[in-house]
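Below: the structure, in structure tokens.
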2 protein chains.
Amino acid sequence: MSLIVMKFGGDALGDKGKGASKSSAEMLSGARFHAEKFRHMSRIARERRDRGDRVLIVVSAMGDTTNRLLAMAAQLHPDPPARELDMLMTTGEQQAIALMAIALEAEGLDARSFTGPQVGIVTESIFGKARIREINPAKLRAALEAGSIPVVAGFQGATMDNELTTLGRGGSDITAVALAAALGADICEFYKDVDGVFTTDPRMCRSARKIDRISYDEMLELASIGAAVLHSRSVEFAKNYNVRLHVRSYLHDRPGTIVTAEEPEMEDIVVRGVAYNREESKITIAEVPDTPGVAAELFEKIAEANIIVDMVIQSAPHGGRNSISFTVPRPDHEKAMRITRACMESMGASAVVGDNKVAKLSIVGVGMRSHPNVAARMFRALADAGINIQMIATSEIKLSCIIDEAELEKGIQVVHDAFPDQVSEAAVVG
Amino acid sequence: MSLIVMKFGGDALGDKGKGASKSSAEMLSGARFHAEKFRHMSRIARERRDRGDRVLIVVSAMGDTTNRLLAMAAQLHPDPPARELDMLMTTGEQQAIALMAIALEAEGLDARSFTGPQVGIVTESIFGKARIREINPAKLRAALEAGSIPVVAGFQGATMDNELTTLGRGGSDITAVALAAALGADICEFYKDVDGVFTTDPRMCRSARKIDRISYDEMLELASIGAAVLHSRSVEFAKNYNVRLHVRSYLHDRPGTIVTAEEPEMEDIVVRGVAYNREESKITIAEVPDTPGVAAELFEKIAEANIIVDMVIQSAPHGGRNSISFTVPRPDHEKAMRITRACMESMGASAVVGDNKVAKLSIVGVGMRSHPNVAARMFRALADAGINIQMIATSEIKLSCIIDEAELEKGIQVVHDAFPDQVSEAAVVG
């Protein structure tokens, strides 16, 4: 008899609002409640139970509830106190657990809803993005042993002083993984409106395929395409506690993607997936004297401005001078340009050139460690497509190139197709 | 420096839904959120604070939130588990406290919201209608001493085992009174969309006037007109702990009605108010043999059917027989008639006659104890208006007559005007 943690996201239980495109009035008039969605998820839980497994369910707030609540608070205060926002936000998940438990009862199952504080999720005293400090799952164990299906509110906990807190972005997923770890669950299943994790973004590349198995590290490196599927914080949590994850669809019963510790055969696949990030910008500072400490000053100033530098490349010195190129998130481009220009003179550089129309294209896979020529194959694919590589960065299981944003879609396609063994036919989903 | 508990009801913070007349789809699409209502109530709280008083606020859920949540649950389950309904319902008040605290902060006040469990409201383990067992207000005292305005969720508490419970009908008012008692508050103010408690229903009688001061007992006896203003459970609670109440309008700053322990001068007013209940029905069982135990059998059977008998009158025996008349709530009329007919033969009675078009008209006042001829004045007023009295019942501070429902409105007017001293001009609101 397995213990399965099932995580139902907001889209499984309600309509995801279109966020920014919705008018304020529409946001406030409230999401439609879809009883049928709750009934559908109840039937999935019942099927799991009918196989003889013990089941625990973690839910997010329905659809766009969180955005609606935030919009209300914003009407009252330009900068609402974080403590009160957490008090407000936690009601979204609490409504969802009660309704889910009622739906499960209607399906003939014994269900009991629990808030985060009720199941002993103790967090730091930081509102809005608290980290879990400990979990005391006695109440959950008792409910499971009594044959109930516990339905736990994701995203929330309480401090030692019984103040309500939320866990920040991806918080409901973290609740699910943390409970799976605390209870020693056999697997933590994420029910989504997608079939699993894909080799690349299917909107960008029609030959994208579902990945059957992926390691935690690969999943983390694929974050830019995986972010919409699982937040990296929950993947890190799963890695730390070795919790097996299963990203799967609530629309059918076929297996999705298993996220797990690295297994030897995973290296058979050279490249697990192709990731990208459009929101990049590049800055080049030319003819910097090749003396110690020159770059340090610039990057200290950029860090002071809270700008995160991603890739940095320094050209080989030529005539006692070299050039430095680096990338920053596109929204920070103008600010980083100003800082760099201000440093130009004291650095003795000759020019600063910016380009905020670049993108990052990456391949990810633990197989890169044992397969030679992976880089060459990627560069060849881009070259054959006439795409110029502006910068290159490597890590153990990832290789990234900066290219012109206009060529991103073509780049994804040719690189994806250059590694046709991405999906191992032999992989079996457990 | 006084400590004031301010209770803001659902209509102060949102639109009261039209309940049954709303379509299910309308219920589910959600109440409009009115930021202006929160801002208005914040300004009232600030005015209280500016007078130098310490303030604690208790809020209900906004507008028709509770009905909307119940409608969602009803779509999922014909009879949702009470525990899960409480889990669902308590979110309504929790949203309201967070938004209220945010609105108070925007008004420049230091506010902190608290759920019922957070402020130590411990209840019985009965979902849906738990009674408060104890209150541990340490957290509230600390917040008050720190100069904060605590904003507490009404209607909710938690069992010793940390299960969330609700207090049933009138529960938010009870929370306010209970906290006022636990903290030794000087007064508990109820902010309503009415000016206070009236001498009778203004919709039935244009000469109805606001009452300045009323005793707990009078308020309880006026329940049928007072129910819309304050639930009797909270008045009983206030009486038991001697908490002064002030029912007042949130639309202006004029004094409303003070509900307090009986004061000697209250007897100067003969009749405090005129109450009525339309939903009455009468049953008469004729020519019952005048032998012991005959009535007992009938009323035992009626009690077994969970029907509450209000007034009972037995005529003086005539020829060894008498007749018995009693009233029951109109919705129970048919069932009570069937039980009575079934008893008729074994009782040896000759006939059973029912009338479900009667109403009860009552006068209430502690002054009735010290003023003679109150009954005579009421009977004369009804007689002069040609209204026949079918039954009469008396208690120490109340006198009730059953009359034809069609004559109720006229009856209220003539009885109300027969006691023109109802409102003491000398009464001063503290």
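We did not get these values from a lab; they are worked out from the coordinates using the rules stated. Predicted, not measured: the structure shown is a model, and the values here were computed from it. Counting neighbours? That spans all protein chains shown, and the Cβs are built from the backbone with ideal geometry, glycine included.
May I ask you to derive the FRET efficiency for residue B:261 and residue B:32 from their Cβ-Cβ distance with R0 = 45 Å, giving the value to the nearest 0.05?
Efficiency for this residue pair is about 0.65.
Which pairs, out of A:282/A:357; A:335/A:360; B:335/B:357, put more than 18 Å between their alpha-carbon atoms?
A:335/A:360
Evaluate the distance, in nm, between pseudo-label points positioned 7 Å from the Cα of residue A:406 and of residue B:138 along their respective Cα→Cβ axes.
Each label point lies 7 Å from its Cα, and together they span 6.9 nm.
Which length gain, in nm to one decimal place, applies between residue A:268 and residue A:251 when the Cα-Cα distance is subtracted from 0.36 nm times their residue separation?
Difference between extended and current length: 3.0 nm.
Ranked by Cβ crowding within 10 angstrom, fewest neighbours first, how are A:294, A:235 ordered?
In order of increasing Cβ crowding within 10 Å: A:294, A:235.
Just how large is the dipole of chain B about the Cα centre, in debye to the nearest 20, putting +1 at every Lys and Arg Cβ and -1 at every Asp and Glu Cβ?
Details: 49 positive and 58 negative charges, 155 e Å.
In total the dipole reaches around 740 debye.
Among residues other than residue A:152 whose Cβ falls under 13 Å from its Cβ, what is the net charge (Lys/Arg +1, Asp/Glu -1)?
Computed value for this residue: +2.
Sorted by packing (mean other beta-carbon atoms within 10 Å per residue), highest first, where do B:403-415, B:90-102 land?
Final packing ranking: B:90-102, B:403-415.
Which of A:220, A:197, A:293 sits farthest toward the positive end of the charge dipole of region A:165-315, with +1 on the Cβ of Lys and Arg and -1 on the Cβ of Asp and Glu?
After comparing all options, I get A:197.
Work through the residues other than residue A:195 whose Cβ is under 12 Å from its Cβ and net out their charges, Lys, Arg +1 and Asp, Glu -1.
+2
How many angstrom lie between the Cα centre of region A:182-216 and the Cα centre of region B:45-102?
39 Å
Copy-to-copy spacing for residue B:329, label 7 Å out on the Cα-to-C-beta vector, in nm, shortest first?
5.9
Given charges of +1 on the Cβ of Lys and Arg and -1 on the Cβ of Asp and Glu, with all other atoms neutral, how large is the dipole of region B:220-296 about its Cα centre, in debye to the nearest 20?
460 debye
Please compute, for peptide B:102-109, the average count of beta-carbon atoms on other protein chains lying within 10 Å of each residue's beta-carbon.
5
Most mobile of A:327, A:159, A:291 per a Gaussian network model of chain A (Cα springs, under 10 Å)?
Greatest mean-square fluctuation among the candidates belongs to A:291.
Name the residue farthest towards the positive end of the dipole of the protein assembly as shown from the options A:340, B:305, A:258, assuming +1 on Cβ of Lys and Arg, -1 on Cβ of Asp and Glu, about the Cα centre.
Value computed over the given set: A:340.
What net charge is computed for the residues neighbouring residue A:297, neighbours being all others with C-beta under 13 Å from the C-beta of residue A:297, Lys and Arg scored +1, Asp and Glu -1?
Result for the local shell: -2.
Take peptide A:113-121, look around each residue's Cβ out to 10 angstrom, count Cβ atoms belonging to other protein chains, and average those counts.
For peptide A:113-121, the averaged partner shielding equals 3.
Suppose we keep just the DSSP beta bridges with both residues in the protein assembly as shown; what percent of those would be antiparallel, to 5?
If we restrict to bridges inside the protein assembly as shown, about 60 percent are antiparallel.
Pick from A:68, A:338, A:131: which residue has the top mean-square fluctuation in a GNM of chain A where Cα pairs under 10 Å get a spring?
A:338
Which whole-number percent is the relative contact order of region B:313-382 (Cα, under 8 Å, 6+ apart)?
The normalised contact order for region B:313-382 reaches 15 percent.
When a/c is below 1.5 the answer is rounded, else prolate if a/b is larger than b/c, else oblate, so apply that to region A:116-206 with a ≥ b ≥ c taken from the square roots of the Cα gyration tensor eigenvalues.
Oblate is the answer for region A:116-206, as a/c is 1.5 or above yet b/c matches or exceeds a/b.
Amide H neighbours of residue B:200 under 5 Å, at least 5 residues apart or on other chains, H built in the peptide plane: list them.
B:209, B:274
Alpha carbon centre of region B:243-259 versus region A:111-156: separation in Å?
43 Å
First check a/c for the protein assembly as shown, with a ≥ b ≥ c the square roots of the eigenvalues of its C-alpha gyration tensor; if it is under 1.5, answer rounded, and if not, answer prolate when a/b is larger than b/c or oblate otherwise. Can you show the working numbers first?
Values: a/c = 3.40, a/b = 2.15, b/c = 1.58.
Note, shape of the protein assembly as shown comes out prolate.
Name the residue from B:229, B:102, B:378 whose Cα lies farthest towards the positive end of the charge dipole of chain B, charges +1 on Cβ of Lys and Arg and -1 on Cβ of Asp and Glu.
Towards the positive end, the residue furthest out is B:102.
Excluding same-chain residues fewer than 8 positions from residue A:7, which lysines have a Cα within less than 21 Å of its Cα?
Cα-Cα hits under 21 Å: A:16, A:37, A:129, A:139, A:192, A:210, A:239.
Expressed in nm to one decimal, what extension gain is obtained for the pair residue A:286 and residue A:346 from 0.36 nm per residue of sequence separation less their Cα-Cα distance?
Separation in residues times 0.36 nm, less the Cα-Cα distance, equals 20.3 nm.
How far apart, in nm, are two points set 7 Å out from the Cα along the Cα-to-Cβ line at residue B:388 and at residue A:321?
About 11.6 nm separates the two model spin labels.
Based on the mean of other beta carbon atoms within 10 Å per residue, what is the order of A:196-202, A:54-60, A:355-361, most packed first?
A:54-60, A:196-202, A:355-361
With charges only on Cβ, +1 for K and R and -1 for D and E, what is the dipole size of region A:73-116 about its Cα centre, in debye, rounded to 20?
Values: 2 positive and 7 negative charges, 16 e Å.
Around 80 debye, computed over region A:73-116.
What spacing in nm lies between the two simple spin-label points modelled at residue A:2 and residue B:131, each 7 Å away from Cα in the Cβ direction?
5.0 nm
Taking chain A as a Gaussian network, Cα atoms linked when under 10 Å apart, which of A:320, A:386, A:256 shows the biggest mean-square fluctuation?
Greatest mean-square fluctuation among the candidates belongs to A:320.
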